[in-house]
Structures are given as C-alpha cells and as structure tokens.
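Novice: The structure under discussion is supplied below as structure tokens; questions concerning it will follow.
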Amino acid sequence: MRNIRLALALAASVMLTAGTARAEMYIGGSIGSTAMVPTVAEDAISQWNAIAWGPGNDCDSLGCYSEEEASGGLKFFAGYRVNPYFAVEGYLAYLGSFDSYAEDGYGVYADATADVGTLGIAAVGMIPLGSGRVSLLGKLGVHSWSAEGDVYLVDTVYPATVYGTYKESGIDGMGGIGVQIDFGERAAMRVEFEYFAANTDYSEFGVGLLSVGGMFRF
C-alpha cells in the first residue's frame, strides 16, 4: 500500500508541473520475455493446502519444487513527457501465457495454466546522459491485473483430485528500470525491465517483463 500511495503522489506532482519546457506526448509498444515467481501451480497448491491442511502449509513454508514455461509479453503504452526529466505513462500489457508444474514434497502436485494481463499508470523519471540522446529510466506506479486459466491438482494423501478454473485479480504496485535511446526528434527505442506485483490471498508473487520496443513522439 505504501508503494501505491507513493506512485500516485509522484504521478500527481508530475501532472501539476505540466507546461514546462519540452512537453510532448508519445505512444509506443514493446515485446519481451516474462517469468512469474512463484508459479501459478505453486499458488494453487498453497490455496489447496490452506483449505485441506490448514494455515502454514503453503509453498513458501514447504519449499515447493516448481518449473514454468512462458510465452512472453506484449505491451502498449502512451505518455506525456513534462520535461527532460519526468513523464506520466499509462499502459496496457499482456504478460503472457504461463504453463507451470509444482509439487510440495508431501504428496500434492499441480499442473496449471494462466493468461495474465494488466492495465496501469506510472510516474517515470529520466536522467539524460551526455548529449541527451541516451537516458536512464526509472518508474513507479500502480496496476490492475488479472490471471485466468485452469488447474489440475492431485493430493495423494487426502486423497483428492481437483480440476478447476484458476482466476485471480487485484490492484498492486509496479516498478521498472531501463534505457531509452533517441533517434532524431520523433523516434526512440527502449530496453526495460519491469516488475508487476500480483498478490493473492495465499501468495505474494509477481511477473517480471524484460522487453525491447519503440516509441513515437507527437
């Protein structure tokens, strides 16, 4: 919650300083690789164990084994750059399709799939280097996320077999760092790493996105 309040305060302060030199709007897009920690399968086991075996039997405390495959992410963004140092940016991102497997070491294992998407806003700070064509980026914001998929879970001790829908959503903080390279007055390229927190009632996890993309200024 502290990060969310800080991001909103930063965004508000940037918007209040609008009208200073070099104000401009921009749009862009990027693609990249993603990873979720912990996995959806681990979260499914944590949810099941909390119901079947009580609190304290989640994957965080049990040290579940897990593996994951992800399809990669796609992001579209638009922003308003107030001056060479600050901008406010909104984005819509598909963080990928995640296939995961996990087992808790005590007879419970799960296969899970999930598609994850997010919509958010961030305050962006920039530090121009040298001639100003290259800038370091840092961002802090909030996002509304959703994850939907299927879960196949087996408890060999209970015993039980569960097949159902995985569906979670929430509002959490996000942050990122990166580099922006300008090509002339209109076009630029970005390389970024962003982390999107996505906490459920049973797990504190998130998705990391390492991306490369381009943007166009108006």
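Novice: Post the alpha-carbon centroid distance, the range 172-218 to the range 86-138, in whole angstrom.
Specialist: Using only Cα atoms, the two centres lie 6 Å from each other.
Novice: If we count every other residue with Cβ under 13 angstrom of Ile27's Cβ, Lys/Arg +1 and Asp/Glu -1, where does the sum land?
Specialist: After counting each charged neighbour, the total is +3.
Novice: What full-extension length gain, to one decimal in nm, is calculated for Phe183 and Leu92 as 0.36 nm per residue of separation minus the Cα-Cα distance?
Specialist: Value of the extension gain: 30.3 nm.
Novice: Can you tell me the length gained on complete extension of the stretch Val191 to Leu119, counting 0.36 nm per residue apart and subtracting the Cα distance?
Specialist: Contour length minus the Cα-Cα distance gives 24.0 nm.
Novice: Here is a follow-up. If you take the beta carbon distance between Ser131 and Ala78 as r and set R0 to 22 Å, what does 1/(1 + (r/R0)^6) give as a FRET efficiency, to the nearest 0.05?
Specialist: 0.25
Novice: Additional query: Between Leu62, Ser169, Gly214, whose Cα lies farthest towards the positive end of the dipole of the range 2-217 when Lys and Arg beta carbons carry +1 and Asp and Glu beta carbons carry -1, centred on the Cα centre?
Specialist: Checking the options against the dipole of the range 2-217, the answer is Gly214.
Novice: Through the Karplus equation 6.51 cos²θ - 1.76 cosθ + 1.60, θ set to phi - 60°, convert the phi angles of the range 24-40 into ³J(HN,Hα) values in whole Hz; use x for Gly and Pro.
Specialist: Result, ordered by residue: 7, 9, 8, 10, x, x, 8, 10, x, 9, 10, 8, 10, 9, x, 7, 4 Hz.
Novice: Among Tyr195, Leu136, Val82, pick out the residue whose Cα is farthest towards the positive end of the charge dipole of the range 2-217, where Lys and Arg carry +1 and Asp and Glu carry -1 on C-beta, about the Cα centre.
Specialist: Val82
Novice: Considering only Ser46, Ser71, Leu119, whose Cα is most displaced toward the positive end of the charge dipole of the range 31-157, charges sitting on Cβ of Lys, Arg (+1) and Asp, Glu (-1)?
Specialist: Looking along the dipole axis, the top candidate is Leu119.
Novice: Determine the dipole magnitude for the range 170-218: charges of +1 sit on the beta-carbon of Lys and Arg, -1 on that of Asp and Glu, nothing else is charged, the reference point is the Cα centre, and the result goes in debye to the nearest 20.
Specialist: Charge dipole of the range 170-218: 300 debye, to the nearest 20.
Novice: What distance in nm lies between label points placed 7 Å from Cα along the C-beta direction at Ile31 and Ile171?
Specialist: It works out to 3.3 nm between the two label points.
Novice: Among 78-89, 125-136, what's the highest-first ranking by average C-beta atoms within 10 angstrom per residue?
Specialist: Packing proxy ranking, top to bottom: 78-89, 125-136.
Novice: Using 0.36 nm per residue, how much length does the chain from Glu204 to Asp150 gain when fully extended, once their Cα-Cα distance is taken away?
Specialist: 17.5 nm
Novice: May I pose another question? Please give the charge dipole size of the chain, origin at the Cα centre, charges +1 on K and R Cβ atoms and -1 on D and E Cβ atoms. Round to the nearest 20 debye.
Specialist: Taking the Cα centre of the chain as origin, the dipole is about 1640 debye.
Just so you know, all these numbers are worked out from the coordinates, no wet-lab data involved. Predicted, not measured: the structure shown is a model, and the values here were computed from it. Every residue, glycine among them, receives a Cβ derived from its backbone with ideal geometry; neighbour counts consider all protein chains shown.
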